[in-house]
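Everything on this sheet refers to the single structure shown next.
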Amino acid sequence: MLVSDLMKPEPSTVAPDTTVLDAARIMLALRVSGLPVVEAGHLVGMVTEGDLLRREELDTAPDSTSWWRNFFTPSRLAADYVHSHGRHVAEVMSGKPVTVTPQTPLAEAVTILLGKGYKRLPVVENGALVGMLSRADLLAALAHKMLEKPQATDDAGAKTHIEHELARLAWTPKQSVRVQVSDHVATLEGSVFADTEREAIRVIAETAPGVERVVDNLVFVDPGSGLAFPAM
């Protein structure tokens, strides 16, 4: 999937001279955590909830009089003051935001969201803002996918699906796990060498098309001692 498959086109924006108060009101009204800042059709920044947490009005502004902050350069202290007291978006926004394009693979966008701790990403094409991709968009897509009914299959098809997954994945104990499917019930036999393996193999079985229930008879074999522990 690509970013274009999930992004919201024509997102709401603010300008650099928009007041901080208006930006906050817009975010609250739209129930979004951030807004792109656009000037002359070009993205110039992002203003987010995080940009508005350190504020004089909330008595959360950095204390420029504390002794340890004297180690900072005057320019840093001055920048902090602007950020915590400024009245316009240009004074509090984060400049040079990380962006993606409509053609960016969705997996790459998710890596950015998770790696940077962002909640949303501006989508830019030819220098112009064309959309926004948020964590909420991904969550909505996930819910939609999970509601989709898997293609119906018989017991033999379900068994083939599980065995194919076990063979495809590098971490599975391929020679020690056996699968039977009867009346839409998948039975797992054999041995595993970690509780995480047991859980993952069970997930493979329970998400297979046509499986309604899983019977876990896998035996845990401790790699260190060789002792076997049957399923509880």
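Key figures
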| item | result |
| --- | --- |
| Between helix 20-30 and the chain: long-axis angle, C-alpha atoms, 0 to 90°, nearest 10 | 30 |
| Cα lying deepest toward the dipole's positive end in the stretch 87-128, options 109, 122, 90, charges on Cβ | 90 |
| Dimensions (Å) - the stretch 155-229, Cα atoms, principal axes, largest first | 38, 22, 17 |
| Cα-based Rg and Dmax for the chain, where Dmax is the largest Cα-Cα distance (Å) | 26.3, 74 |
| The chain - percent relative contact order, Cα under 8 Å, separation 6 or more | 17 |
| Close Lys-Lys pairs in the chain, where close means Cα under 23 Å and separation is 8 or more or interchain | 10 |
| MRE, 222 nm, helices only [DSSP H, n ≥ 4, -39500 (n - 2.57), over the chain, to nearest 500] | -10000 deg cm²/dmol |
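Readers should treat all values here as calculations from the given coordinates under stated rules, not as data from a laboratory. A quick note: this is a predicted structure, and the numbers were derived from the prediction, not measured. Cβ sites come from the backbone with ideal geometry, for glycine too, and all protein chains shown count toward neighbours.
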